[in-house]
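One structure is given below, encoded as structure tokens.
The values are calculated or read from the model by the stated rules, or taken from the named source; none is laboratory data. Note that the structure is predicted; figures quoted are calculated from it, not measured. Note that we place each Cβ from the backbone using ideal geometry, even for glycine, and neighbour counts take in every protein chain shown. Just so you know, the surface numbers come from the protein's heavy atoms only, side chains and all, with ligands and any DNA or RNA stripped out. Shrake-Rupley method; radii C 1.70, N 1.55, O 1.52, S 1.80 Å.
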Amino acid sequence: MKTRKRAERARTIFQRLHQAYPDVRCALDHADAYQLLVATILSAQCTDARVNMVTPAFVRFPTPEHLAQADRAEVEELIRSTGFFRNKARSLVGMAQALVAEHRGEVPRSMEELRVLPGVGRKTANVILGTAFGINEGITVDTHVTRLSRLLGLTRHDDPVRIEQDLMPLFPRDHWALLSHLLITHGRQVCIARRPLCGECPVFALC
């Protein structure tokens, strides 16, 4: 598909999804960037609904300073139901320690600084930058974004980095974070992998 035609297709997809989900937002409950960072680390290989059931327990660690001093076994017990709890606990405590030691307890606002934190990759950094700070550095590519981007003819790749590179030129920069939320919401509510509700899909004709 030629670049111009793909860009027109992308514009139509965005408009229809935005009309369908005008109040879309991040599905991870959070009050600030620190809470979102904790939730996003926990969300790896886990549903957002499960994460939202677990994160209220982090009232025990209201700041990075508290989490940095936490007993890792206690953190493991709190997050056990999210899966891979030992690795996640190690990442959470390490992340908090790095925030305290290198950023005065504040979540940094750059891709470079975020990506070197324990448990944080490009996808997590994009979530934090776009959702917590309104900084559109890139596009968050999760399993829903991967699947729908391919179905809608916006990419032919499977690799998240290549998909992100394909998507960014197709959408205005200030739409990048919103685009991810729209695709994720649509993938969960209508374009469900095992039982898509095609009759209810606003972009079915473009699939």
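Based on protein heavy atoms only, the chain ends up with 54 Å² per residue of surface accessible to a 1.4 Å probe. Each helix, a run of at least 4 DSSP H residues, gives -39500 (n - 2.57); summed and divided by the residues of the chain, these come to -15500 deg cm²/dmol at 222 nm. Accessible surface for K5 stands near 130 Å², nearest 10, in the context of the full protein assembly shown (1.4 Å probe).
Dividing the convex hull volume of the alpha carbon atoms of region 108-207 by its residue count gives 103 Å³ per residue. A Cβ-based charge dipole, computed about the Cα centre of the chain with Lys and Arg at +1 and Asp and Glu at -1, lands at about 1040 debye. Spatially, region 1-66 and region 142-158 are offset by 17 Å when compared through their Cα centroids. Dipole size of region 83-147 about its Cα centre, with +1 on Lys/Arg Cβ and -1 on Asp/Glu Cβ: approximately 300 debye, rounded to the nearest 20.
Please check the chain for the longest run free of chymotrypsin sites (Phe, Trp or Tyr not before Pro) that are loop-located per DSSP (anything but H, G, I, E, B) and have at most 16 other Cβ atoms within 10 Å. Longest site-free region, per DSSP loop and neighbour criteria: 1-83. Carbon and sulfur together cover what percent of the accessible area of region 1-123 at a 1.4 Å probe radius? It is 47 percent, rounded to a whole number. Annotation note: trypsin sites (Lys or Arg not before Pro) in region 118-207 located in DSSP loop regions with a Cβ neighbour count of at most 15 within 10 Å are R156, R194.
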